[in-house]
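Okay, structure first, notes after.
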Amino acid sequence: MSQSPLDAFFLGRATATLLRDQAQHLFVELLSQIGRFDAEQQQRLHQFMQEVQERAQQEAQAVSPHASEPVDWQALVDDLRAETAALRTELQRYRNR
């Protein structure tokens with residue numbers, strides 16, 4: 001064990017360099033894993049949101065199959081007014097008996 005101080009210095013320096021390189025590699029690997037995990041979670045969230053929207057559309061169509069058709073509001077109002085007028089006429093006839 002007749003190492004000179006110069007040999008000890010270079011041995012310590014090589015050890016520190018290797019430890020730094022390994023720590024750097026582990027840090028980069030950790031960041032890579034975190035990035036991969038984040039991407040997977042975003043993909044799962046996106047898929048979940050799509051499934052929720054699809055299921056909501058299916059349930060809405062099951063309740064009202066014509067919900068996807070455009071509604072002519074003016075025609076609907078006119079029909080309701082016509083029905084109301086017909087009912088008023090019928091009610092008036094009933095009262096006049």
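Taking Cα atoms, how many degrees apart are the long axis of helix 73-96 and the longest axis of the chain, rounded to 10 and kept between 0 and 90?
Long axis of 73-96 versus the principal axis of the chain: about 40 degrees.
Top mean-square fluctuation among Ala60, Ala39, Ala75, Gaussian network model of the chain, C-alpha springs under 10 Å?
Between Ala60, Ala39, Ala75, it is Ala75 that shows the largest mean-square fluctuation.
How many nm is it between the label spots at Ala60 and Arg81, if each spot is 7 Å from the Cα in line with the beta carbon?
Each label point lies 7 Å from its Cα, and together they span 2.9 nm.
Would you look at the GNM of the chain, springs on alpha carbons closer than 10 Å, and say which of Gln74, Gln24, Gln61 moves the most?
Among Gln74, Gln24, Gln61, the largest mean-square fluctuation in the Gaussian network model of the chain belongs to Gln74.
Going by alpha carbons, how many degrees (0 to 90, nearest 10) lie between the helix axis of 5-63 and the longest principal axis of the chain?
Tilt relative to the chain: about 10 degrees.
For the stretch 5-68, compute the orientation-averaged projected area of the C-alpha convex hull (one quarter of its surface), in nm².
4.6 nm²
Taking the Cα-to-Cβ direction at Asp38 and at Thr89 and moving 7 Å from each Cα, how far apart do the two end points lie in nm?
Spacing of the two 7 Å Cα→Cβ label points: 7.0 nm.
Every number in this text was worked out from the coordinates using simple rules, so none of it is lab data. Model, not experiment: these values are computed from the prediction. Virtual Cβ from ideal backbone geometry, glycine too; neighbours counted across all protein chains shown.
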